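Peer 1: Can you read through this structure? Questions will come right after.
The values are calculated or read from the model by the stated rules, or taken from the named source; none is laboratory data. Note that the coordinates shown come from a computational prediction; the quantities given were computed from them, not determined experimentally. We place every Cβ from the backbone using ideal geometry, glycine too, and count neighbours over all the protein chains shown. Protein only, heavy atoms only, side chains kept; ligands, DNA and RNA dropped before computing areas. Shrake-Rupley method; radii C 1.70, N 1.55, O 1.52, S 1.80 Å.
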Amino acid sequence: MVIIKDGRAITDEWLHLDDEAAIPPSGQVTVSLLRWHAERTALMARPDPVGLRLEAGDAPDTIADDLQRFPLIVLSFATMADGRLFSLARLLRERFGFAGELRARGDFIVDQIFFLSRVGVDTFEPTEDISPEAVGQAITTFSVLYQAATDEKHPLYRRARR
Amino acid sequence: MYQYDEFDQRIVDERVRQFRDQTARFLAGQLTEDQFRPLRLMNGLYLQRHAPMLRVAIPYGLLSTRQLRMLAHIARTYDRGYGHFTTRQNVQYNWPELNRVPDILADLASVQMHAIQTSGNCIRNVTSDPIAGVAADELEDPRPYCEIIRQWSTFHPEFSYLPRKFKIAVTGAEQDRAAVQVHDIGLRLVRNEAGEVGFAVLVGGGLGRTPIIGETTRPFLAKRDLLSYLEAILRVYNRFGRRDNKYKARIKILLKETGVAAFTTQVEQEWQQIKDHLVLDDTEIERVKAHFTEPPYETLPAELPGAVAQRTESDPAFAAWFRHNTFAHKVPGYRIVFLSLKPPKVPPGDLDHRQMDAIAELADRFSFGEIRVTHNQNMIFADVRASELHALWTELREWGVATPNINKATDIICCPGLDFCSLANASSIPIAEEIYSRLDNFDYLYDLGDLRINISGCMNGCGHHTVGHIGILGVDKKGEEWYQLTLGGSSANEAALGERLGPAIAKPDVADAVTTILKTYVELRAPDESFLQTVRRIGITPFQEQVYGHH
Ligand code: HEM
Ligand code: SF4
């Protein structure tokens, strides 16, 4: 899969571990929230970073204290219509101050990238391959942003002279 | 009315560009139907029985004559010459071609209109009181807040993929003409004990399959907190609303399953976290309010001018129209005039392009160039000088929009039903026409008083049957069209859902049943008692006996 970050295609340097797969002694891995809760101590004892994969129904509150340990959080889209991840992204960024890489992965389409980038997603890995140019265009689909969100702290009425 | 600035204009222009690209990709096979569906829906584009249907927003029901002329142009150029005004202050075109929809959107953008979020699982066109700003019972004009909410909800990055559609209505008046109790969120401008004006917030009302009256989650919300509180409700809904079953996905179900108290607490907690970060500034309220200033009214005597008063004596047709289609205005010497889009033998809410152009021309001459559309599928000239009523009436009559039946039994709300809609169980327009034809005697019509008959072709309830004084719902019985009747519904202040009259009725018998119900009312009513009051006083049993006793 192509992964686009900061206008470039990047290679995935993470191993995304299934819940059943054994944890390798070293190397960067991402795990599900379930596994993080179950095997937190063992995962933290490893020398290399651990990232987290979140699904639409996952509650961010349970990991608030751990968030800064994760260089990467992957938001897994099972279906493009499930908008819960948009709220989750904002909460991670705005409420819990997550500053690492926030990656959207799975079933979403280029037309959603505008919204995703507004709620703090900075890396895109859609099911269908996409070019860095297409991502760049999608992010700038609209040049006017009425609302405050993760990207803009204030609504348009505070940012612009109207 | 609100005028776009460069920012508002840029958004609709960029939307046109985006949709042009999406449509081209779909037609070229680069987007699947599944991928294209949510994108087209967010532009109000349905694929229905015969052709696509395009729904265009008329934000809070307000149209300039320039905009109405554009709607006429679109009907003429891209459709079969007419448009359909709906119960949600939208206009629908039933016959556009998909590849021309981007051009339609471009035409709309040129007059500050759009189809953004008129369908799909997002925040829909915000609706309001159709006589906002001229109503005598108004605490404050709700439209500036509608516009503020329109901007806040347009392409909201967090709330564009909700579990289900989301409708917000705002009213500023004592009499609820915006049906705020049957919306996902209903906002009512109120004054608190300290004398400040803010909002009472109702959540979880709705029609459709599971009709429910909304619950108050906040009796008073300060204006500064409007957007943060909305955002809190939407966030709770977006995160916890059901997504496993589309018939249980509206916020009303979440509210019911969570319990009002627990839901309110959840919203309150979320709100506390964000309320100081998202403040609606006074300067923004004032900026938007400045667009809704009064037109340059003249100082006129309060009494009806002699010549007009005389006409009401000498010309019964004019008198009937004056009595039933015009209403008191807060400014002396002016009247609010309703245009009836319910003449005989025309589907409720339909206008052809010539009528639209003519209405625009008349609004320029008689009502400061503005038109309102109502959720009862009629139109309003809000500011007509009483001295010009007769001249206006003469012209409206020529265009077929002066039928003197506002709020009467032939002012029927009706969805497209089987004639256009692929979801329909039964036809609705022919039922409306049949009932209408039984009510051709105006004396009888007026004797029946205010009466709301609402018809939907299936339980999705586009025709608001559950809040009709008489509700008629099409059901499918082994491939035949049958109809379930309800009595006593209302979406006004004393909102209520209609009560089922009894077993469904076969199509040929529906108009008879309605006739019987009306006759029963006339026999049993107390002096000066409206249909709704009678039903509430005596219950539905006497009506049941009459309707089913005959069979
Ligand atoms: C012809 C194509 C149409 C289709 C396919 C269609 C489809 C639907 C569907 C599926 C629903 C149910 C949504 C739900 O349960 O959440 C619905 C609700 C609704 N429709 Fe339509 N509709 C059409 C035309 C209309 C028209 C012409 C009007 C206005 C006259 C209208 C007004 C409404 C309203 C007000 C509701 C919402 C009731 C509520 O608040 O839940 N629709 N429509
Ligand atoms: S109520 Fe049913 S039949 Fe009527 S327009 Fe809505 S979906 Fe179609």
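Peer 1: Among (1) open to solvent by less than 10 Å² (accessible area, probe 1.4 Å); (2) within 16 Å of ligand 2 (Cβ to nearest atom), there is one condition residue B:350 misses while meeting the rest; what is its number?
Peer 2: Exception for residue B:350: condition (1).
Peer 1: If you don't mind, there's one more thing I want to ask. Working only within the range B:214-244, note down all residues that are more than 12 Å from chain A (Cβ to nearest Cβ) and open to solvent by 50 Å² or more (accessible area, probe 1.4 Å).
Peer 2: Passing the criteria: B:215, B:216, B:218, B:219, B:224.
Peer 1: Listed residues B:203, B:197, B:126; which is under 15 Å from the mean Cα position of the chain (by Cα) and not assigned by TED's automatic domain parsing to the domain that holds residue B:52?
Peer 2: Sole residue among the options that is under 15 Å from the mean Cα position of the chain (by Cα) and not assigned by TED's automatic domain parsing to the domain that holds residue B:52: B:126.
Peer 1: Right, next: Please go through (1) within 9 Å of ligand 2 (Cβ to nearest atom); (2) open to solvent by 30 Å² or more (accessible area, probe 1.4 Å); (3) not aliphatic (A, V, I, L, M) for residue B:463 and return the number of the only condition it doesn't satisfy.
Peer 2: (2)
Peer 1: Applying the selection to the range B:523-544, what residues are part of a helix (DSSP H, G or I) and surrounded by 13 or more Cβ atoms within 10 Å (Cβ to Cβ)?
Peer 2: Hits for the range B:523-544 are B:524, B:531, B:532, B:533, B:534, B:535, B:536, B:538, B:542, B:543, B:544.
Peer 1: So which of B:406, B:453, B:412 ends up being away from ligand 2 (no atom under 16 Å from the Cβ), of a type outside the set (Phe, Trp, Tyr) and closer than 16 Å to residue B:349 by Cα?
Peer 2: Of B:406, B:453, B:412, the one residue that is away from ligand 2 (no atom under 16 Å from the Cβ), of a type outside the set (Phe, Trp, Tyr) and closer than 16 Å to residue B:349 by Cα is B:406.
Peer 1: Take residue B:260 and decide whether it is among the aliphatic types (A, V, I, L, M), in contact (Cβ under 8 Å) with a residue 40 or more places away in the chain and within 30 Å of residue B:473 (Cβ to Cβ).
Peer 2: yes
Peer 1: Among (1) crowded, with 20+ Cβ neighbours inside 10 Å; (2) assigned by TED's automatic domain parsing to the domain that holds residue B:165, which single condition is residue B:318 missing?
Peer 2: Of everything listed in (1) crowded, with 20+ Cβ neighbours inside 10 Å; (2) assigned by TED's automatic domain parsing to the domain that holds residue B:165, residue B:318 misses just condition (2).
Peer 1: If I ask for residues that are in a loop (DSSP other than H, G, I, E, B) and either more than 7 Å from every other protein chain (Cβ to nearest Cβ) or open to solvent by 20 Å² or more (accessible area, probe 1.4 Å) (or both), which ones from the range B:269-289 would you list?
Peer 2: Once the filter is applied, which keeps residues that are in a loop (DSSP other than H, G, I, E, B) and either more than 7 Å from every other protein chain (Cβ to nearest Cβ) or open to solvent by 20 Å² or more (accessible area, probe 1.4 Å) (or both), the range B:269-289 yields B:275, B:276, B:277, B:279, B:280, B:281.
Peer 1: Related question: Before we move on, is residue A:133 surrounded by fewer than 19 Cβ atoms within 10 Å (Cβ to Cβ) and not β-branched (Val, Ile, Thr)?
Peer 2: When the stated conditions are applied, residue A:133 passes them.
Peer 1: Separate question: Working only within the range B:167-223, note down all residues that are polar (S, T, N, Q) and within 12 Å of ligand 1 (Cβ to nearest atom).
Peer 2: Listed by number, the residues that qualify are B:181, B:210.
Peer 1: Against the conditions (1) more than 22 Å from residue B:39 (Cα to Cα); (2) within 14 Å of chain B (Cβ to nearest Cβ), where does residue A:86 fall short? Just the number, please.
Peer 2: Every condition holds for residue A:86 apart from (1).
Peer 1: Same structure again: Among the candidates B:46, B:60, B:2, which residue alone is assigned to a loop (DSSP other than H, G, I, E, B), away from chain A (no Cβ under 11 Å) and of a type outside the set (Asp, Glu)?
Peer 2: Matching residue, one of B:46, B:60, B:2: B:2.
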